[in-house]
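What follows is a single structure, and I will ask about it in a moment.
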Amino acid sequence: MAPQIKYTKLFIDNEWVDAKSGKTFETRTPSTGSVIAKVAEGDKADIDLAVAAAKRAFHRNSEWRLMDASQRGRILNKFADLVERDAQYLAELESANNGMVLTTAVAFMSSAVKSVRYVASLADKIQGDTIPTDGNTMTYTLKQPIGVCGLILPWNVPVLMFINKVTTALTAGCTVVVKPAEQTPLTALALAALLVEAGVPKGVVNVVNGFGPGAGVALTHHNDVAKISFTGSAEVGKLIQQAAGKNNLKRVTLELGGKSPLIIMNDADLNIAVPYAANAVFFNQGQICIAASRLFVQSGIYDKFVEAATNYAKSIKVGNPADASTQNGPQIDEEMMKKVLKYIETGKKEGAKLMVGGKRVGCSGYYIQPAVFADVKDDMTIAKEEIFGPVQSILKFETLEEVIDRANDTSYGLAAGIFTTNLDNALQYTRHVEAGTVWVNAYLVGGVQSPFGGFKDSGIGRENGMNCVDSYLEVKTVVMSLPKKF
Ligand code: ADP
């Protein structure tokens with residue numbers, strides 16, 4: 001049964017409101033393509049109201065600013081309890097709206113709860129330094145919340161993205177206006193309701209659904225927004241960085257795309273490497289920024305690997321995301337499905353060898369059979385552009401030295417991996433590959449405790465980890481004159 005959709009309006013200043021324009025837009029479920037909700041479509045006028053509410057909530061005399069940091073942590077822990085209480089419902093809503101396989105969505109809810117608890121634990125540990133300075137002075141630093149933050153979310157893992165950005169900003173003491181992706185507005189609204197239930201004061205969290213050119217652009221240009229944190233495409237990330245410098249100078253955290261290289265050496269254990277490499281690119285239908293979409297396999301095992309990878313991809317069950325045996329669900333929408341199918345056609349045309357899959361499955365919903373390409377060359381489109389779909393491109397290499405240069409020959413630098421049983425190979429690769437996260441004999445594993453972000457066009461800044469709150473703080477240096485003599 002489809003989960004009940006409780007919230008479809010905008011959430012501004014603790015009220016559920018229609019868009020000023022009265023406009024709504026349709027939300028579809030990718031599993032069938034049918035409309036499941038009509039959601040208020042926010043625009044500049046609604047962003048103005050939301051930012052004003054967040055600014056009031058950030059005033060020095062506001063309940064939020066006067067609250068003990070430990071109490072902020074307690075409220076966020078209560079929020080974690082509520083997410084845990086509603087985990088099954090949230091997972092079903094996520095799966096219905098995003099097409100995510102339900103078992104994956106359920107697993108993500110427990111990661112989300114852990115994530116909130118980790119970040120919340122940092123609330124009362126934000127502290128500066130005491131610095132002995134020259135000239136008979138004593139200096140200390142205060143770390144203070146930046147202000148109103150605009151948080152712009154992608155559609156691929158909506159709950160985790162909301163939780164990650166919102167709870168970090170709130171832990172720092174900031175107030176927020178969230179702009180969820182237009183494809184996935186529903187779980188953000190449900191989470192906003194839980195934040196209020198947990199005790200977050202009025203105006204601290206606002207959610208304005210809408211489109212990039214409307215609500216998104218208005219948020220990134222607003223003079224009262226001090227920081228933008230964005231996860232999405234590199235193309236939009238660049239626009240956001242420009243917008244952030246246009247009026248006031250906003251701080252930006254950008255977590256963008258990738259074309260992540262995964263290296264399989266001759267000495268790797270294929271029983272482990274083959275399933276890992278498949279999961280690294282097919283997980284969530286390939287709709288993850290860290291997808292290992294360039295798989296470099298050493299020549300000694302190339303043919304054997306391609307055969308095993310092809311058999312593995314053949315066995316992946318594509319179907320209804322709510323079905324417990326399903327491994328891959330639908331792509332997010334028709335546009336993305338068509339875009340991925342076009343990349344597959346381009347791969348064939350440019351001479352890569354399609355070993356399996358690559359076709360649409362069924363005629364309702366947006367399903368694609370996972371595709372494996374062999375004989376992929378570095379200059380082919382499928383080896384260069386981020387596909388964001390279930391397409392494994394297998395390239396051949398001879399030496400580690402050669403493959404490191406080829407792995408780095410991309411504008412991206414989000415993630416990388418290597419499978420090898422030789423420690424020197426692992427050490428050389430982890431040292432020289434240009435990527436924010438590097439896995440050795442693993443891929444996609446980890447959690448909120450580790451910093452996450454990209455080199456080069458994959459982004460600016462790091463999220464997660466012990467220092468995650470820093471990018472929502474300003475450092476204030478206070479210099480005090482000391483008495484000369486006692
Ligand atoms: P994708 O290509 O994966 O759909 P996008 O990068 O286009 O992702 O979008 C991610 C988020 O950025 C969405 O919430 C979208 O509405 C928003 N967005 C898109 N364009 C802009 C823009 N010019 N300014 C601000 N936000 C935008």
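Where a number appears in this text, it was derived from the coordinates with a stated rule and is not lab data. All values reported here derive from a predicted model rather than from experimental measurement. We place every Cβ from the backbone using ideal geometry, glycine too, and count neighbours over all the protein chains shown.
Give the residue list of GluC sites (Glu not before Pro) in the stretch 387-486 that are DSSP loop and have at most 14 other beta-carbon atoms within 10 angstrom. List each step's numbers first, then the result.
Working: sites: Glu398, Glu401, Glu402, Glu434, Glu463, Glu474; in loops: Glu398, Glu434.
Passing both the DSSP loop test and the Cβ count: Glu398.
Still on this structure, please answer the following. For the stretch 231-312, state which trypsin sites (Lys or Arg not before Pro) are in a DSSP loop and have at most 16 other beta carbons lying within 10 Å of their beta carbon. Before the final figure, lay out each step's value.
Details: sites: Lys238, Lys246, Lys250, Arg251, Lys259, Arg294, Lys304; in loops: Lys246, Lys250, Lys259.
For trypsin sites (Lys or Arg not before Pro) across the stretch 231-312 that sit outside H, G, I, E and B with at most 16 neighbouring Cβ atoms in 10 Å, the list reads Lys246.
For the stretch 389-484, state which trypsin sites (Lys or Arg not before Pro) are in a DSSP loop and have at most 12 other beta carbons lying within 10 Å of their beta carbon. Intermediate values should be presented prior to the final figure.
Details: sites: Lys396, Arg406, Arg431, Lys456, Arg462, Lys476, Lys484; in loops: Arg462, Lys484.
Hits after loop and neighbour filter: Lys484.
Cα centroid distance between the stretch 275-339 and the stretch 344-414, in Å?
Centre-to-centre distance over Cα atoms comes out at 11 Å.
Also, I was wondering about something else. Enumerate the calculated ³J(HN,Hα) couplings along the stretch 272-289 in order (Karplus 6.51 cos²θ - 1.76 cosθ + 1.60, θ = phi - 60°), each rounded to whole Hz, writing x wherever the residue is Gly or Pro.
Calculated HN-Hα couplings, in order: 8, 5, 5, x, 4, 5, 5, 4, 5, 10, 9, 4, 6, 6, x, 8, 9, 5 Hz.
Can you list the residues, at least 5 places off or on another chain, whose amide H is less than 5 Å from the amide H of Val372, using H built in the peptide plane?
Met355, Val356, Gln392
How long is the gain from Leu423 to Lys304 if the chain were fully straight, where each residue apart is worth 0.36 nm and the alpha carbon distance is subtracted?
Details: separation 119, 0.36 × 119 = 42.84 nm, distance 2.32 nm.
Residue separation times 0.36 nm, minus the Cα-Cα distance, leaves 40.5 nm.
Quick one: helix 334-349 against the long Cα principal axis of the chain, what's the angle to the nearest 10°, folded into 0 to 90?
That helix lies at roughly 40 degrees to the long axis.
Moving to a separate point now. So how far apart, in nm, are the two label points at Lys339 and Lys484 if each is 7 Å from Cα heading toward Cβ?
Those two pseudo-labels are separated by 6.9 nm.
Going down the table (Lys246/Lys338; Lys9/Lys259; Lys55/Lys179), which pairs top 27 Å between alpha carbons? Numbers along the way, then the final one.
Values: Lys246/Lys338 35 Å; Lys9/Lys259 36 Å; Lys55/Lys179 16 Å.
Listed pairs above 27 Å: Lys246/Lys338; Lys9/Lys259.
For the stretch 53-104 and the stretch 131-154, what is the separation of their C-alpha centers, rounded to whole Å?
25 Å
Fully extended, how many nm does the chain gain between Asp124 and Lys6 (0.36 nm per residue separation, minus their Cα-Cα distance)? Mind dumping the intermediate values first?
Values: separation 118, 0.36 × 118 = 42.48 nm, distance 3.38 nm.
Additional length available on full extension: 39.1 nm.
Could you tally the net charge around Lys125, taking each other residue with its Cβ under 15 Å from the Cβ of Lys125, Lys/Arg +1 and Asp/Glu -1?
Numbers: positive: Arg72, Arg74, Arg117, Lys143; negative: Asp68, Asp124, Asp129, Asp470.
Taking every other residue near Lys125 into account, the sum is 0.
Just subtract the alpha-carbon distance of Leu270 and Val196 from 0.36 nm times their residue separation and send over the number in nm, one decimal. Mind dumping the intermediate values first?
Working: separation 74, 0.36 × 74 = 26.64 nm, distance 4.91 nm.
Residue separation times 0.36 nm, minus the Cα-Cα distance, leaves 21.7 nm.
Can you tell me what share of the DSSP beta bridges in the chain is antiparallel? A percent to the nearest 5 is fine. Intermediate values should be presented prior to the final figure.
On the way: 30 of 67 bridges.
For the chain, the DSSP antiparallel bridge percentage is about 45.
Count the net charge of all other residues whose Cβ sits under 15 Å from the Cβ of Leu254, scoring Lys and Arg as +1 and Asp and Glu as -1.
On the way: positive: Lys165, Lys179, Lys227, Lys238, Lys250, Arg251, Lys456, Arg462; negative: Glu235, Glu255, Glu386, Asp457, Glu463.
My count for the surroundings of Leu254 gives +3.
Under a Cβ-Cβ cut-off of 12 Å, what is the net charge of the residues other than Phe79 that fall near it, where Lys and Arg count +1 and Asp and Glu count -1? Spell out each step's value before the answer.
On the way: positive: Arg72, Arg74, Lys78, Arg85, Arg117; negative: Asp81, Glu84, Asp86, Glu197.
Result for the local shell: +1.
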